[in-house]
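The values are calculated or read from the model by the stated rules, or taken from the named source; none is laboratory data. What you see is a predicted model, and the numbers here were worked out from it, not measured in a lab. Every residue, glycine among them, receives a Cβ derived from its backbone with ideal geometry; neighbour counts consider all protein chains shown. Side chains included, ligands, DNA and RNA excluded: accessible areas come from the protein's heavy atoms. Shrake-Rupley method; radii C 1.70, N 1.55, O 1.52, S 1.80 Å.
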Amino acid sequence: MQAYGWLIDEKLCIECRACESACKMWNQVETGVGVRRRQVRVYTMGVFPQVRQQSLTGACNHCENAWCMKVCPVKAIWRREEDGVVLIDQDKCVGCQQCAMFCPYGAPQFNLRTRKMDKCTMCFDRLEQGLDPACVTLCPTGALKYGPWDEIRGKGSETTENFAPPRQTRPKIRFVKDPFPVKG
Amino acid sequence: MALTRRDWLKTTGAGLAGAPAALGAFEDYFQRASGAPAGMTRIVTACGICSPACGIQAWVQDGKLRFLEGLPGDVSGGGHLCGKGAAGAMQLYDPDRLKYPMKRTNPRKGLHEDPGWVRISWQEALDEIAFRMKQTIDTYGTEALLFVTLPSPDLWARFMNAMGVVNRVDHRDECFQTDMIIQKYTTGAKTWCNDFENSKYILLFGWDILAKAKLAYATGIVKARENGAKVVHFSPNYTATSRFANEWITIKPGTDLAVALAMIQVILSENLYNREFVDNYTNFGKYETEIRTHFAQYTPEWAEQISGVKADVIRRIAREFASNGPAIAPAHKKSLCANYMNSTQLVHAISILNILAGTIDRPGGRYFPRMHSIPGVDAIYPPPAYPPKKGRRVDGRDKLPLVNEVDAGIFSTLADGMLNKYPGMIKFSFWNAYTILGFPSPLKMVEALKTVDFTVVMDFLPTDTVTLADIVLPSAMYLEGNDAVARDYIAKYPQTVARKAVSAPIFEAKSIAYVAIELGKRLCPDYFKTPDGSWINPSTLLDEKVRRAGLGENFADFAAKGLVEKPQPFVPRTTFVSVAGADGKCQIYVPQFVAKGADPLPKWIPKRDQPNEHYPYYYMTFIPAVHRRNTTENNSILHEMFPTNAAIINPALAKKHGIAEGQKVLVRSRAGQIELPAHLSETVPPDVVMVAHGFGHVSRALSLAGGVGARDGDLIPDASIDDFVAAGNYGGSSCIMDAVCSIEPL
Ligand code: SF4
Ligand code: SF4
Ligand code: SF4
């Protein structure tokens, strides 16, 4: 299995949200129904003027130990063998929202119109064509990258501030902590 | 059409060898996979939401635009798009778009009146507009016409010139007008080009440059930091740029001028300036005594009292800036140094900092654009002589001679001119793509518009201005038209991108160039004929422009190439300044200003409104990164990301007034009041109330943005031209950040 994962360099994120727009556009995710498969969340820490912000682009992390999948009572969530992508079968999903409750990353979201769960598919249709996921294709600074999990897992730390501890679900994501080594 | 990655490089990669940046700087460990999605057709075009015109490859499936991504190999945006650019298709397919020309049936006008639209034909609309214009001119003269439009495109400019329109205003007083004036006199050419990636020290006054997109800038700064540059951000509040900078320094709103003056003082008194550049290419030598004497008063200790920035910090930053070059202090527009009564002086001071650093048209500095020269319509079909422009300026702009000279603005004095200075003078107005929301004191502008007999509004969405029109014309948008866009944001070498329609205009939308020609045929036919007597045809004109610019045999040929680049080595200029008497040198001291009633060197003047017992807090506005002022709030994707605004205040301020998160508050200034929910954030200082611009559209015909949020402009006082003259605001900076307010829970 050639699994894929995300690599986030949070300091490079300029909050332009091209990743969010790209996801919506490529996947034709309906607007106004409460589903934002990829979402940039901004966290503020400290007290003015000792203030700091972090922006984290987040989607489904296609966890190695996907709790969403484990808890689904109708087995609507499954993993593709070929690339490790975790998907929700829309025919089977009954919209009980168990997966949303157990996912630490808010990935599965309730679609107010279809009344089923929806989430990031890692643009598996693009992966099959040898293309990057839409969000990665658009990200102008390289803050959001993806790649074969074997390569990614060595590229950065397992967790970062405001990111739920990865021990339980083992999300396929890594974080680059210090992108600007000062030269000379 | 299936393309391999190699084919792409063939079509877009003409300039790659000469432009290493073009390959994309950030693919450090992963090569971007780029290929054609199956079953889709590719169209190369250019983004039109903001100005850098990032190259786009658009993917069309079954005749419908499915996906927009950056054009690989393009330096503008590094082959990527921002969130707004990527969501452009939602604007194209916005179900609320204006589809047909319409005519008002309800004679009562107001933001809350139903206009009672009836659909009419283009023919009927154009005939009526032409009749009304002619009648107005015959009865009252051309001064009774008001055009609230940009001068572009060239066909539109020709129409206004042919009609002798004297009252044309635009938003540039809220944007780059001050920069335009100062650049003209200090360094010579209008430029937006900043060579961030080769800079070692980037000094930002107030500009949230990273989050505002203009990807050309954002990616440049990211690269600069990768190259080890230092980024310093002066800003009252903490932003995405502050986070990215090496150093964020909080400053009192509207006092950047004091810090910039003090930096100049330090650099001069310690002789830290770039001697080679200053001695050879500036007028420093000629005016050394005046310059040194003038700045001596502005010590860092003095600036500390005003700005709240510690004197030793100012001194250190000044030394670093002058000694760690190449250094740059970009200036551009409202979001930089914001827009205060003293912003023209600030831009002058910033220009002097760049001159002292010696980086005008030098690597790592502010450079002049190297562009393809694309001839305009007047060069291709020379017009008969234009009539002289006669009559009074309703906005009073001619009282600011420097503003008059650059043919800019001005919005901020328009309502006062129409209501108080020249009441009843304007009988006919034509608006293109400007909404009432863009004005300070927008309700005053509404009242002013009600005094006009006949108003035409051309737009692509049913904005509040549309609600006040007598005739509405549906406008095509950038994804529906063809054009050749010469890059002027990132123009180290000429690069022109084909803007090719990815869709036919929906329903009956048309371009403003079409309207120019059609009104021209009716009102000033001699100006719209070609030498062989036929009417000017926009697509023949475009073919001719492309041919003469050497971009291709015709537009179709150019569009097949997509992006045409002419890489060439960067040769720094040795002569500067085009104004008479400048001797080809950059001017620190601007002698020509004296005759125009302006100071030859920037001097300290305070911002207009100061906190006081009634309005104790600074009022600041901002444009969210995911929106383009007043035009994208109804884009369903962007609306979802940022649907409405709030009064953003520090928790300490909230506590003082007993305000909880999400609670409705009343924010008041001397101009008006707004009600909106509070949002508590440690990113704003405790004496600031911050509100996002672009919300508070009244028009319910905007199904997402209508009736949502509060109009930030209601709190921003407009001005009379005399206020500006009296304050020494010779650049006409519109003071849209220069307000103070109070806040209380509701
Ligand atoms: S991130 Fe959430 S939804 Fe995605 S695989 Fe992990 S647990 Fe499931
Ligand atoms: S596209 Fe990249 S830079 Fe922009 S918000 Fe997403 S992760 Fe951040
Ligand atoms: S920065 Fe964004 S909005 Fe501006 S031209 Fe580029 S993609 Fe379009």
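Annotation: extensible slack from residue B:139 through residue B:288 equals 48.0 nm (criterion: 0.36 nm per residue apart, minus Cα-Cα distance).
Averaged over its residues, segment B:353-496 has an accessible area of 27 Å² per residue, based on protein heavy atoms and a 1.4 Å probe. Taking every Cα-Cα distance in segment B:460-573 and sorting them into 10 Å bins starting at zero, the pair-distance distribution P(r) comes out as 12, 31, 32, 19, 6, 0 percent. The helix-based estimate of mean residue ellipticity at 222 nm for chain B, built from -39,500 (n - 2.57) per DSSP H run of four or more residues and divided by its residue count, is -8000 deg cm²/dmol to the nearest 500. At q = 0.15 Å⁻¹ the log10 of I(q)/I(0) for segment B:118-252 amounts to -0.85, computed by Debye summation with a single uniform scatterer per C-alpha, solvent ignored.
How would you classify the protein assembly as shown from its alpha-carbon gyration tensor, with a ≥ b ≥ c the square roots of the eigenvalues: rounded for a/c under 1.5, else prolate if a/b is greater than b/c, otherwise oblate? Rounded is the answer for the protein assembly as shown, as its axis ratio a/c remains below 1.5. Largest first and in whole Å, the equivalent-ellipsoid semi-axes of segment B:612-674 read 27, 15, 10, each the square root of five times a Cα gyration tensor eigenvalue. For segment B:163-243, trypsin sites (Lys or Arg not before Pro) meeting the loop criterion (DSSP other than H, G, I, E, B) and having at most 14 other Cβ atoms within 10 Å: none. In loop segments of segment B:450-556 as defined by DSSP, the chymotrypsin sites (Phe, Trp or Tyr not before Pro) with at most 12 further C-beta atoms inside 10 Å of their C-beta are B:507. Largest accessible area first, the residues B:128, B:565 order themselves as B:128, B:565 under a 1.4 Å probe with ligands, DNA and RNA left out. Ordered from largest to smallest accessible area (heavy atoms of protein chains, 1.4 Å probe), the residues B:553, B:143, B:744 come out as B:553, B:744, B:143.
If you wrap a convex hull around the Cα atoms of chain A, how much volume per residue is inside, in Å³? Before the final figure, lay out each step's value.
Working: hull volume 25.9 nm³, N = 184.
Per-residue hull volume (Cα only) is 141 Å³.
Ranking A:127, A:140, A:157 by how far each Cα lies toward the positive end of the dipole of segment A:118-180 (charges on Cβ) leaves A:157 at the top. Sequentially through segment B:57-62, phi angles give Karplus couplings (6.51, -1.76, 1.60; θ = phi - 60°) of 10, 9, 10, 10, 10, 6 Hz, Gly and Pro residues having no value and appearing as x.
Per residue of A:3-14, other chain Cβ atoms within 10 Å of the residue Cβ number 3 on average. The charge dipole of the protein assembly as shown, taken about its Cα centre with unit charges on the Cβ of Lys, Arg, Asp and Glu (plus for the first two, minus for the last two), comes to roughly 900 debye. For chain B, the residue among B:358, B:602, B:678 whose Cα projects farthest onto the positive side of the dipole built from Cβ charges is B:358. A probe of 1.4 angstrom, applied to the heavy atoms of all protein chains, finds residue B:347 with accessible area near 10 square angstrom. Rounded to the nearest Å, what's the spacing between the alpha carbon centres of segment B:177-212 and segment B:363-433? Just the number, please. Their Cα centres are 23 Å away from one another.
Between the listed residues B:383, B:175, B:580, the Cα displaced farthest toward the positive end of the dipole of the protein assembly as shown, a dipole computed from Cβ unit charges relative to the Cα centre, is found at B:175. Solvent-accessible area of the protein assembly as shown (1.4 angstrom probe, protein heavy atoms only): carbon and sulfur portion equals 52 percent. In order along segment B:637-647, the phi-based Karplus estimate (6.51 cos²θ - 1.76 cosθ + 1.60, θ = phi - 60°) of 3J(HN,Hα) comes to 6, 6, 4, 5, 6, 8, x, 7, 10, 8, 8 Hz; Gly and Pro are listed as x. In angstrom, the C-alpha Rg and Dmax of segment B:220-378 are 16.4, 55. Within straight-line reach of residue B:492, meaning a Cα separation under 14 Å, sit the following aspartates and glutamates at least 8 residues removed in sequence or on another chain: B:74, B:195, B:197, B:361, B:565.
Arrange the residues B:532, B:312 by how much accessible surface each exposes, largest first, with a 1.4 angstrom probe.
B:532, B:312
Strictly over 31 Å apart at the Cα level, which of A:145/B:664; B:607/B:656; B:190/B:286; B:223/B:596 would you flag in this model?
A:145/B:664; B:223/B:596
Between 0 and 90 degrees, the angle of helix A:18-27 with respect to the longest Cα principal axis of chain A falls at about 20 degrees.
Taking only the Cα atoms of segment A:106-184, the ratio Rg/Rh comes out at 1.03, with Rh defined as the Kirkwood radius. Under a cut-off of 12 Å between alpha-carbon atoms, report the aspartates and glutamates in cross-link reach of residue B:585, not counting same-chain residues fewer than 8 places apart. Within the straight-line cut-off, residue B:585 pairs with B:279.
Between residue B:676 and B:665, B:667, the built amide H atoms are under 5 Å apart, and every one of these is 5 or more places off in sequence or on another chain. Amide H contacts for residue B:147 (H built 1.01 Å from N in the peptide plane; partners 5 or more residues away or on another chain; cut-off under 5 Å): B:167, B:168, B:169, B:430. The residues of segment B:81-163 present an accessible area of 40 Å² per residue when probed at 1.4 Å with all protein chains retained. In terms of overall dimensions, segment B:521-616 has a Cα radius of gyration and Dmax of 25.1, 70 angstrom. Taking amide H atoms as placed 1.01 Å from N in the peptide plane, the amide H of residue B:671 has no partner under 5 Å among residues 5 or more positions away or on other chains. 3J(HN,Hα) along segment B:519-525, derived from phi through the Karplus expression 6.51 cos²θ - 1.76 cosθ + 1.60 where θ = phi - 60°, amounts to 5, x, 4, 7, 10, 8, x Hz, with x in place of Gly and Pro. Counts of other chain beta carbons within 10 angstrom of each beta carbon in peptide B:309-316 average 0. Can you classify segment B:333-415 as rounded, prolate or oblate using the Cα gyration tensor, where a ≥ b ≥ c are the square roots of its eigenvalues, rounded means a/c under 1.5, and otherwise it's prolate if a/b beats b/c and oblate if not? In terms of gyration-tensor shape, oblate. Chain A packed on chain B takes about 4400 Å² of accessible surface away from a 1.4 Å probe, both sides summed. Here's the list of lysines a cross-link from residue A:119 could span, going by alpha-carbon distance under 17 Å and ignoring same-chain residues fewer than 8 apart: A:24, A:70, A:75, A:92, A:172.
Counting only heavy atoms of the protein chains, get the accessible area per residue of segment A:24-105 (1.4 Å probe) and round it to a whole Å² value.
Details: 3750 Å² over 82 residues.
For segment A:24-105, the solvent-accessible area averages 46 Å² per residue.
Diffusion coefficient (Stokes-Einstein, Kirkwood radius over C-alpha pairs, 25 °C, 0.890 mPa s) for segment A:57-106: 221 µm²/s, rounded to a whole number. Extent of chain B along its three principal axes (Cα atoms, max minus min coordinate, largest first): 68, 62, 54 Å. With the convex hull of its Cα atoms as the shape, segment B:373-511 has an orientation-averaged projected area of 11.4 nm². Averaging Cα coordinates gives a centre for segment A:54-71 and one for segment B:227-265; these two points are 38 Å apart. Stokes-Einstein diffusion for segment B:677-746, with the hydrodynamic radius set to the Kirkwood value over Cα pairs and evaluated at 20 °C in a medium of 1.002 mPa s, equals 145 µm²/s.
Residues of segment B:82-131 buried by at least 30 Å² of accessible area upon assembly of all protein chains, compared with the chain on its own (1.4 Å probe): B:83, B:86.
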